[in-house]
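What follows is a set of notes on a single structure, which appears directly below.
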There are 2 protein chains.
Amino acid sequence: YLYRWYYSKICQWGLGLSIAVLLLLAFVERPSSLSLSSDPRYRSPPWEPPCGLTESFELLCLVIFTLDLIVKSYLIGWEEFRKSKWLIGYTVVLSVSIIDWVLSISMVCDEKLRVRRLLRPFFLLQNSSLMKKTLKCIKRTLPEIASVILLLALHLCLFTMIGMLLFAKTEDPKNNGEWKAYFRNLPKSLTSLLVLLTTANNPDVMIPAYKLNRGYAIFFVVFSVIGTYCLMNLLTAIIYNQFRGYLLMSVQTSIIRRRLGIRAAFQVLSCHEAQEAAEEHVRVDSVLQVMSRVEMKSYYKTAVTTEAQQYADVGYMSLDQFRKIFDELDKDRIKEHPPLPQYNSPVLQRLQTIFGHYYFTIAGNALALANVICICTILVLNSEMSTAERDNVVLEIINLCFILYYLFEMCVKIFALGWRGYISYRNNIFDGFLTILLLALQITIFVTYRLPYNWNTPSHHVVSLWEMVCLVNMLIVFRFLRIIPDIKLMALVASTLMDLVKNLRAFAGILVVVYYVFAVLGIWLFEGAIKPPPETSVISNTSMANITSNFSVECGTYEQLEYWPNNFDDFAASIILLYNVMIVNNWQVFIEVYSRFTTEWAKVYFVCWWLTSSVMWVNLFVALILENFTYKWDRSHSCSVTDVERIRYQTS
Amino acid sequence: YLYRWYYSKICQWGLGLSIAVLLLLAFVERPSSLSLSSDPRYRSPPWEPPCGLTESFELLCLVIFTLDLIVKSYLIGWEEFRKSKWLIGYTVVLSVSIIDWVLSISMVCDEKLRVRRLLRPFFLLQNSSLMKKTLKCIKRTLPEIASVILLLALHLCLFTMIGMLLFAKTEDPKNNGEWKAYFRNLPKSLTSLLVLLTTANNPDVMIPAYKLNRGYAIFFVVFSVIGTYCLMNLLTAIIYNQFRGYLLMSVQTSIIRRRLGIRAAFQVLSCHEAQEAAEEHVRVDSVLQVMSRVEMKSYYKTAVTTEAQQYADVGYMSLDQFRKIFDELDKDRIKEHPPLPQYNSPVLQRLQTIFGHYYFTIAGNALALANVICICTILVLNSEMSTAERDNVVLEIINLCFILYYLFEMCVKIFALGWRGYISYRNNIFDGFLTILLLALQITIFVTYRLPYNWNTPSHHVVSLWEMVCLVNMLIVFRFLRIIPDIKLMALVASTLMDLVKNLRAFAGILVVVYYVFAVLGIWLFEGAIKPPPETSVISNTSMANITSNFSVECGTYEQLEYWPNNFDDFAASIILLYNVMIVNNWQVFIEVYSRFTTEWAKVYFVCWWLTSSVMWVNLFVALILENFTYKWDRSHSCSVTDVERIRYQTS
């Protein structure tokens, strides 16, 4: 009973919710992210939660986890508990968190180092079996990745030495540009070439040398081609190779598990009745009885039940027959749309054929396109005007016309397909929802702004007119997305993307864990490290003013590029900074500024993050996309899963 | 006979050579690339070849091609000729080239537009069947790529509209940063987001908005995640999926062809003798006779011959037996090293075991590492000194010691393995060659610089002392690469890379074609478009001086970044520019400057190049690496090619 209750939906949801709350606390805790801007020059002093508020939430979550741990260990027993490394880790992490919590309460929330923040993502990992599996898979790939990274390191060192020999300081100060900027000493040369490996400083790094002699370009081109194109892509290949069977394997194991389950169910059901025959049978009515109590999707339930009922006159089922009725589960659900409503009047019937016709959909799409083009034209015409100068009346009237047409289309479709038929298409739900939303917004606009009696008091509204119009336009553009399923090729690509999102949960979870750990570490290490210059730069906040200001900064630095909002002063800002480093473009700026304001060792942090995020995770992502697409392709070309399964089985 | 002669090695080499010469002419022709620097500020007036020099080379090549065309069409006959599109294209291109050549001669080399330069790469394409096949494969992939690119375009347009709505001009001039810099009008917004798709302006584009409100970052993050990570990688997946069977298919077809050839050879050989029996046989001696006249690698030849000789006592062979003797070709050549030389003296034998031991190799590697570390240390210590200040004596003496040790190692190895045994390892050849080169260089240095009698005249040498030392050091570092095969994991990765290079020829050819066409087009369109400011910037050529100079330029532009050497003024410079755009980092700078100096339509050229190079070709390259690696992996894990072939055959 406890088992059933523990694995019930509510309980698992509760657990997930408490994990989410615990993780989200990072945004609210000191240093809190609840300011509008993360720029230290404009930032208002953030709201500091009173001591004890976040802590009480935290305690609640920890208590829930403790309960979870107790129930889990009770359910699996002491013997199993000792064997499972995850559960032991869970216990350790929980106790450390509680001790840390007590300490921080006793110091009235004044401590600097909160170890438990670093440990929080562990709860997320621990709770998902899929993530644990993925982690194991990644661990298996590590040795091969290490070999490529070793080769990459060798490549880097080799070229650094050659580079330092080539671009040594010469007599003529005019020819020292390359040496001065990029190859001054060993750490600098290494960093330059490491950044070049990610292509983030590509043309710049070669310019001072290339200016003098064309031949120097060859050095950089060879370095990039070997490093970036060959070795980096080899890394992708290795990771992909490791993940090649990943999806198929998980499908396979789930099939095997189901077979095992069906076999066990058969055994149990046949045990229920007396061993009346040598051959094992199950009674159909007991199967039906069980089916009616089992929780599963109603569609599959009815399918299995109808399949089982055809044996009802015999009264018994053999193992093969029992298995066969569950084959229904393999079949994809073919969506059945409710029948069209029948109208008696011939006029209505004629109208129904017209509106149900394919061309009518096309006309709808064409009008949506026309609407988008209208908005686009007006946008282009008005692009130089500020929001207040714009005359929105024309746009609003056009939009109103289109929205009325959308409403008409919707009504007519409901008429043609019937209400149930209409909502059985996911497309139509999307359409209808947006149409109603648009209508409501447009009416609100007219009521609040265009009616004569409150014409002269437009300023006290919370949301300004322009923002409302803007929202309407965006929704219209968004609604235009409905054309995607109507174009075949795009539908295929879009459905692959949709599938990808489903299979991505485990990876997204690991990404969240990695981001969380690095962000918390970054806050520890670099909080408040960068201090903006007191006054001058506040005045010269536009890029043009920056040049003429007396406070001149070198081009391409953190200060000149105004990267102030990218810092480690709070959690949200550090997430965005880490994202920017993951994208790798211009990450040398962050390396440079943090090693200037703190120590040279800050580079290690950034290189670690680059390795985990950009090298590891992006490659994993690519591998997953490749896997997903080829799997889908194979499936759509060779029918069933079991076929592919069999072939792969022979391959291995 | 003509057929044999035409497909002989010399003839094909001659054809290849003339294609290479024709392609290389682009470097010499006006605008010639024979200047040291491509920077318009420092560039000396390039050497202009006299009219008629390059033209005569060109005519020679064209005549060779005409001969080739005539021979080829004679060989395959008129009927086949009409069917082959490639040959017809060949004829057309040749005639256009010749007409263009005549025109340009009649205008005394003064014409602007040389159409034939654009057509030259066609000869390269036409001559390689592998490239034609790859091209066909790419053509097959195009529709699916188009669908993704369409989706990408939709994504781009959608986000552009949302972005323009979000970042419209507002009343407060302080909040207009984003609008001013990136979303001023439709083309500008489109370019901004297109560049963001390649991540080339990643943190910059979001800074002005992100500074005001954290929430705006979400817009850019969502755009990048969908566009860059999902859609772009989907493109890779699609291309990879198309190329999945590529390698295997080519292996398969070559196997099938060989079987066909063997069967045909059997038929021919059995026809030679009278039909004496109902069962077909071939006489072993005739097989041996043919084998002795056939051109093939001597290793395979002896293998097949010895295999055939075992049937010599029977005198006849059936078809199966005939086939079996050619199975030898499938087996990889196992390299046999010559036996160790035998020495009589026990001391010599003892020495031989010592020097032939594995640990001796390790000691050699360790010393090479020590040498590299020495050089590195001295480099780091001297990094702030200019070349003349450096005291090279210590380094030279250290190097001399190491080189003498290398020489000793080499001699000892020759002694232990014998001369033939020594050169049978490729590793040793690499080692020995570099050692001798190093020795020669070091001796030269000592003779010219360190001997007392020419001590005081060091300046008149062509190559300075420092450059010589530099070369020695580089060679030592290069020699250190010999450790790669000794580390197992690295050996695997390196061998994959080596294999890749073999399979890459077709792709490299297509890359050359694409580069050539775009470079020639670029020269047509943009030659001399960018003019450097007359004097000021020549003075302020270091980056520090640039800030304080009166001629202040905006940060991040072509002028400030000193990208002058990247231009379309000659062929070599345009190749490097195109390479830089292919790498995509900072390509927005090139787009910006060329659309500023010429017209807005310059963007189209750059976007086209980006699509072909970075999107298409890089993805093809990734697909090829993936294909190669997984093929290699499969092969090393499931033994023979035919096995994998069978499995794939079942899959399809």
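Here, each number is a calculation from the coordinates, and none is a lab measurement. What you see is a predicted model, and the numbers here were worked out from it, not measured in a lab. As a convention, Cβ positions derive from the backbone with ideal geometry for all residues, glycine included, and neighbour counts pool all protein chains shown.
Some notes on this structure:
- Modelled this way, with points 7 Å down the Cα-to-C-beta line, the labels at B:L24 and A:C608 are 5.2 nm from one another.
- Signed unit charges on C-beta, dipole axis of region B:2-127, positive-most listed residue B:Y7, B:W47, B:P121: B:Y7
- Ordering A:E384, A:E562, B:E48 from the fewest to the most neighbouring beta carbons within 10 Å gives A:E384, B:E48, A:E562.
- The length gained on full extension between A:L471 and A:S250, counted as 0.36 nm times the residue separation minus their Cα-Cα distance, comes to 75.3 nm.
- Note, ³J(HN,Hα) from phi for region A:55-61, Karplus 6.51, -1.76, 1.60, rounded to Hz, x at Gly and Pro: 5, 5, 4, 4, 4, 4, 4
- Within 10 Å of the Cβ of each residue in B:358-371, the mean number of Cβ atoms contributed by other protein chains is 0.
- Inter-probe distance in nm under a simple model that places probes 7 Å from Cα toward Cβ, at B:V71 and A:A363: 6.8 nm
- For region A:2-127, the tally of Lys pairs with Cα-Cα distances below 26 Å comes to 4, considering only residues 8 or more apart or on different chains.
- ³J(HN,Hα), Karplus 6.51/-1.76/1.60, whole Hz, each residue of region B:354-367, x for Gly, Pro: 5, 6, x, 6, 5, 4, 5, 4, 4, 4, x, 4, 4, 5
- Of the trypsin sites (Lys or Arg not before Pro) found in region B:60-142, those that fall in a DSSP loop while having at most 12 other beta-carbon atoms within 10 Å are B:K112.
- Calculated SAXS-style log₁₀ I(q)/I(0) at q = 0.12, 0.22, 0.24 Å⁻¹ - region A:135-243, Debye, Cα scatterers: -0.47, -1.13, -1.29
- Other protein chain C-beta atoms within 10 Å of residue C-beta, averaged over B:196-204: 6.
- Computed magnitude of the charge dipole of region B:123-229 (debye, nearest 20; Cβ of K, R +1, Cβ of D, E -1): 460 debye
- Chain A residue nearest by beta-carbon to the axis mapping A to B, with distance in Å: A:C555, 2.
- Peptide-level mean, for A:228-241, of C-beta atoms on other protein chains within 10 Å: 6
- If R0 is 25 Å, the Cβ-Cβ spacing of A:W47 and B:E171 corresponds to a FRET efficiency of close to 0.35.
- A Förster distance of 56 Å, applied to the separation of the beta-carbon atoms of B:R596 and A:I88, puts the FRET efficiency at 0.30.
- In plain terms, the residue of A:M107, A:M161 with the fewest other Cβ atoms within 10 Å comes first and the most crowded comes last, giving A:M107, A:M161.
- Table column - 3J(HN,Hα) (Hz), region B:317-325, Karplus curve with 6.51, -1.76, 1.60, x for Gly and Pro: 9, 8, 4, 4, 5, 4, 5, 4, 5
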